[in-house]
1. Roll a 1.4 Å probe over the protein chains and send me the accessible area per residue for region 166-212 in Å².
2. What residues qualify as long-range amide H neighbours of TYR32, i.e. H under 5 Å apart, gap of 5 or more or another chain, H built at 1.01 Å from N?
3. Determine the distance separating the Cα centre of region 175-228 from the Cα centre of region 62-133; give it in Å without decimals.
4. How much accessible surface does SER149 have with a 1.4 Å probe, in Å² rounded to 10?
5. Mean-square fluctuation check for the chain, GNM, Cα pairs under 10 Å: which of ASP74, ASP55, ASP176 is largest?
6. Whole number in Å², please: accessible area per residue of region 8-147, 1.4 Å probe, ligands, DNA and RNA not counted.
7. Going by amide H atoms built from the backbone, whose H comes under 5 Å of the H on SER15, apart from near neighbours?
8. Using the Karplus curve 6.51 cos²θ - 1.76 cosθ + 1.60 with θ = phi - 60°, what ³J(HN,Hα) values do you get for each residue of region 87-98, in whole Hz, with x for Gly and Pro?
Amino acid sequence: MKKKIKIAIDGPAASGKSTTARETARRLNYLYIDSGAMYRAVTLKALREGVPTDDEQAVAELAQQIRLEFRQDDDDTVLYMDGQDVSREIRSPRIVQHINPVAANPLVRQILVARQRELGREGGVVMDGRDITTVVFPDAELKIFMKASAEERARRRVAELTERGVKADFQQVLADIRQRDQADFSRAHGPLRQAPDAVVIDTTRLTIEEQVEQIYRLALQKIAALTD
Ligand code: DC
């Protein structure tokens, strides 16, 4: 019987984590869980209900109540919040503007970390985020830390926006990425850290295909080693 492992992937914003994690999961026939989408959904719920995102208790209550369900579409993962597909809405810049107090809220983190652990309990998952290798699944069989220079990440983000027909200024995008790095690395609870036993992949000069191939091979090695 093939062992179903947990693959935890962390890295800064725009490091190509989600695309790589989703594609790796598809190749392994595993479930892909985008933990950032969960923080985004709680932020969206707070904005919709007029709850100030820095009200720790009130936002924690929303995190407790929120129903979140990931469903695998053909080539995408769809997130349902309280029964509604919010996959597009959680990507809007408005969410990013308000998300920091939500991601820094220790009560929200506790609630979402518990849900993430539950989703990965049986193995057979690829989960990406900021604290997956260190807090959510320190016991994951495969841990990856993806990094790329801020300039390269900004270049990719601009290319992605341009492709979608959205005008983007490189310097502005770079400044936003640096600001998000600052928030992610300095958070008191669940900061972005490189786990000591994580495999570090610098993607600055890699394509998505090359990143997926590396992680896929590592996963196959782990699975083979753990399967009798
Ligand atoms: O990966 P992303 O850009 O969708 O993440 C959205 C926000 O959520 C970002 O500000 C960092 C935060 N986040 C977090 O604090 N912990 C995670 N495991 C994933 C994301």
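1. Details: 3030 Å² over 47 residues.
Averaged over the residues of region 166-212, the accessible area is 65 Å².
2. Distant-sequence amide H within range of TYR32: VAL126.
3. If we compute the Cα centre of each part, the gap is 18 Å.
4. Surface open to solvent at SER149 totals about 50 Å².
5. Comparing ASP74, ASP55, ASP176 in a Gaussian network model of the chain, the most mobile one is ASP74.
6. Values: 6070 Å² over 140 residues.
Result: 43 Å² per residue.
7. none
8. Per-residue couplings from phi come out as 3, 7, 4, 6, 8, 6, x, 4, 5, 4, 5, 10 Hz.
The values are calculated or read from the model by the stated rules, or taken from the named source; none is laboratory data. Just so it is clear, the model here is predicted, and its values are computed rather than measured. Neighbour counts are summed over all protein chains in view; Cβ atoms, including those assigned to glycine, are modelled from backbone coordinates with ideal geometry. Ligands, DNA and RNA are excluded from the accessible area calculation, which covers all protein heavy atoms including side chains. Shrake-Rupley method; radii C 1.70, N 1.55, O 1.52, S 1.80 Å.
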